[in-house]
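Chemist: Please read through the structure below; I'll follow up with questions.
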Amino acid sequence: MTAAIHGATPDSRPGALITGAGGQLGIELQAAAPAGWRVIACGSAELDVTRTEAVDAALERERPAVVFHTAAYTAVDAAEEDPAAAEAVNAGGAAHVARAARRVAARLIHVSTDFVFDGAQGRPYTTGDRPNPLGAYGRSKLGGEREVLRITEGRALVVRTAWVYSCRGRNFVLTMLRLMQERDELGVVSDQIGTPTWARPLAGALWAAAGRAELRGIHHWTDAGVASWYDFAMAIQDEALRLGLLSRAIPIRPLRSEEYPARARRPSYSVLDTSATRSALGLTAAHWRVNLRTMLRGLANA
Ligand SMILES: NC(=O)c1ccc[n+]([C@@H]2O[C@H](COP(=O)([O-])OP(=O)(O)OC[C@H]3O[C@@H](n4cnc5c(N)ncnc54)[C@H](OP(=O)(O)O)[C@@H]3O)[C@@H](O)[C@H]2O)c1
């Protein structure tokens with residue numbers, strides 16, 4: 001944890017405490033911090049959000065103006081085997097963070113997921129559409145949203161996002177790049193549609209939201225556009241070949257979800273309508289393919 005230095009010169013900058021600081025979004029939030037903020041980055045080893053006393057102590061000590069709550073149990077399939085573990089982090093942990101944030105009057109920005117929806121609607125989900133999660137992960141995240149909004153009496157900002165990737169951590173882009181090197185062909189699901197979202201601009205949008213105290217309740221933010229996992233994989237291969245991250249193309253077959261057994265059921269169409277949030281923040285989102293190219297270019301140059 002980057003603790004405030006209690007010395008002769010008190011740090012008068014507003015504090016932003018990040019939970020799950022070692023995760024994809026947590027890392028990008030630290031990198032994107034605007035000047036003038038004191039960032040208190042709390043990885044899971046420093047702050048376990050399932051421990052209510054630890055959460056209380058961290059917020060009491062740091063007195064942040066803003067809390068970015070990104071810590072989450074994100075293993076969607078494993079959550080089916082151990083739903084209690086997902087609940088403990090995603091609903092229980094969120095409640096602890098919300099209570100502590102309320103106690104110290106910190107603005108809470110809580111991150112949630114497109115997996116709160118069942119995907120049956122067939123058009124982009126607005127924030128007013130009814131959630132109906134298909135699996136344990138989505139249920140636990142929906143529980144977290146509800147706890148956060150109940151405890152803060154609607155003052156917290158809940159930002160749902162989707163299909164997040166970055167140049168570090170566990171994500172679809174890095175998994176595909178590895179499999180495309182190891183295998184001679186791949187099958188990728190083509191009947192689940194969503195929006196790939198680079199963690200970096202998502203972090204930028206969350207920082208923009210941090211400065212907008214009037215924004216509260218549920219919001220949606222992803223990159224622009226839509227894709228299936230198959231489209232996403234094809235784009236990853238195309239861009240990676242162009243950038244020299246891959247040396248050969250392999251055949252990629254579209255699969256139906258039934259052909260790719262996974263423990264958790266996933267929504268078939270979980271595109272989020274982000275228009276209200278974009279206009280509230282005065283931001284435009286780049287198309288997912290543009291962001292994918294930029295991220296892979298960074299990876300190639302690293
Ligand atoms: N990844 C996606 O595709 C996606 C899509 C939609 C929404 N989201 C949401 O976006 C947010 C950020 O996701 P991400 O992609 O950055 O996930 P991530 O890379 O898996 O990071 C999550 C972080 O939470 C930490 N964590 C887990 N249990 C914890 C606990 N009990 N206390 C404190 N920290 C804990 C993890 O630490 P360890 O690794 O040490 O366990 C990890 O660093 C999450 O709320 C997630 O639900 C993600």
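Each reported figure results from applying straightforward, stated rules to the coordinates on display, with no laboratory input. What you are looking at is a predicted structure, and each value in this text was computed from that prediction instead of being measured. Positions of Cβ are backbone-derived with ideal geometry, glycine not excepted, and every protein chain shown enters the neighbour counts.
Chemist: Sort 256, 168 so the one with the fewest other Cβ atoms within 10 Å of its own Cβ comes first. Provide the component values of the computation, followed by the final result.
Modeler: Working: 256 11, 168 14.
Ordered from fewest to most neighbouring Cβ atoms within 10 Å, 256, 168 come out as 256, 168.
Chemist: Using only the alpha carbons, work out the radius of gyration and Dmax of segment 206-302 in angstrom.
Modeler: Taking only Cα atoms of segment 206-302, I get Rg and Dmax of 17.2, 50 Å.
Chemist: At a 10 angstrom cut-off on C-beta neighbours, averaged per residue, how do the peptides 241-253, 72-84 rank from highest to lowest?
Modeler: 72-84, 241-253
Chemist: If you don't mind, there's one more thing I want to ask. Quick one, can you get me the convex hull of the C-alpha atoms of segment 139-284 expressed as volume per residue in Å³?
Modeler: Value for segment 139-284: 126 Å³ per residue.
Chemist: Can you tell me the length gained on complete extension of the stretch residue 181 to residue 242, counting 0.36 nm per residue apart and subtracting the Cα distance?
Modeler: Gain in length upon complete extension: 20.5 nm.
Chemist: Given points 7 Å out from each Cα along the Cα-Cβ axis, report the residue 88 to residue 283 separation in nanometres with one decimal.
Modeler: 3.3
Chemist: Sorted from fewest to most neighbouring beta carbons within 10 Å, what does the list 115, 232, 172, 68 look like?
Modeler: Going from least to most buried by this count: 172, 232, 115, 68.
Chemist: Please report, to one decimal in angstroms, the Kirkwood hydrodynamic radius of the chain built from all distinct Cα-Cα pairs.
Modeler: Computed over Cα pairs of the chain, the Kirkwood hydrodynamic radius comes out at 19.8 Å.
Chemist: Now a separate question. Per DSSP H run of n ≥ 4, the term is -39500 (n - 2.57); total these for the chain, divide by its residue number, and report the mean residue ellipticity at 222 nm rounded to 500 deg cm²/dmol.
Modeler: Result for the chain, helices only: -11000 deg cm²/dmol.
Chemist: Related question: Can you pull out the GluC sites (Glu not before Pro) in segment 169-274 whose DSSP state is coil and whose Cβ has at most 10 other Cβ atoms within 10 Å?
Modeler: Answer in residue order: 185, 214.
Chemist: Taking the 0 to 90 degree range and rounding to the nearest ten, how far is the long axis of helix 136-151 tilted relative to the main principal axis of the chain, both from C-alpha atoms?
Modeler: 30
Chemist: By how many nm would the segment from residue 103 to residue 77 grow when fully extended, if each residue of separation counts as 0.36 nm and the alpha-carbon distance is taken off?
Modeler: My answer for the length gained is 5.9 nm.
Chemist: Report, largest value first, the span of the C-alpha coordinates of segment 94-177 along each principal axis, in whole Å.
Modeler: The Cα atoms of segment 94-177 stretch 44, 33, 21 Å along their principal axes.
Chemist: What is the order of 18, 218, fewest Cβ neighbours within 10 Å to most? Spell out each step's value before the answer.
Modeler: Details: 18 31, 218 22.
Lowest count first: 218, 18.
Chemist: With no solvent and one point per C-alpha, what does the Debye sum give as log10 I(q)/I(0) for segment 55-194 at q = 0.14, 0.20, 0.22 Å⁻¹?
Modeler: Taking Cα atoms of segment 55-194 as identical point scatterers yields -0.74, -1.22, -1.34.
Chemist: Angle between the Cα long axis of helix 52-62 and the longest principal axis of the chain, 0 to 90 degrees, nearest 10?
Modeler: 70
Chemist: Oh, and also: Would you mind checking the tilt of helix 94-103 against the longest principal axis of the Cα atoms of the chain, expressed as 0 to 90 degrees and rounded to 10?
Modeler: Between the helix axis and the principal axis of the chain, the angle is about 30 degrees.
Chemist: Taking 0.36 nm per intervening residue step and subtracting the Cα-Cα distance, what contour gain separates residue 46 from residue 213 on full extension? Intermediate results must be reported in sequence, preceding the final value.
Modeler: On the way: separation 167, 0.36 × 167 = 60.12 nm, distance 2.78 nm.
Length gained between residue 46 and residue 213: 57.3 nm.
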